[in-house]
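Worksheet for the structure shown next.
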């Protein structure tokens, strides 16, 4: 385990588990999630995080499509 591994939240692992991502779709889902997170930095952060809701929903739709296509 690298030092950086100790400081990660392991979000991608959790996401894969909760969405039941097939192994063959794991890389596509990870790349899509990372792309979504990269886009999210362009949104203003508000107290209720309303500005990120549409981005989060769009990301979920993309991930669901990848999972469905690979099951």
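All of the numbers you see were taken from the coordinates with simple rules; none came from a lab. Remember, it's a predicted structure, so these values are computed and weren't measured experimentally.
Can you compute the helix-only [θ] at 222 nm over the chain? Use -39500 (n - 2.57) per DSSP H run of at least 4 residues, normalise by all residues, nearest 500 deg cm²/dmol. Don't skip to the end; give the middle numbers.
Values: 4 runs with 47 residues, N = 71.
Per the formula, -20500 deg cm²/dmol.
Find the Cα radius of gyration of the chain, compare it with 2.2 N^0.38 Å by division, and give the number to two decimals. Before the final figure, lay out the partial values.
On the way: Rg = 13.5 Å, N = 71, 2.2 N^0.38 = 11.1 Å.
It is 1.22.
Report the full-extension gain for the segment residue 40 to residue 26: residue separation times 0.36 nm, less the Cα-Cα distance, to one decimal in nm. Provide the component values of the computation, followed by the final result.
On the way: separation 14, 0.36 × 14 = 5.04 nm, distance 2.09 nm.
Working it through step by step, the gained length comes to 3.0 nm.
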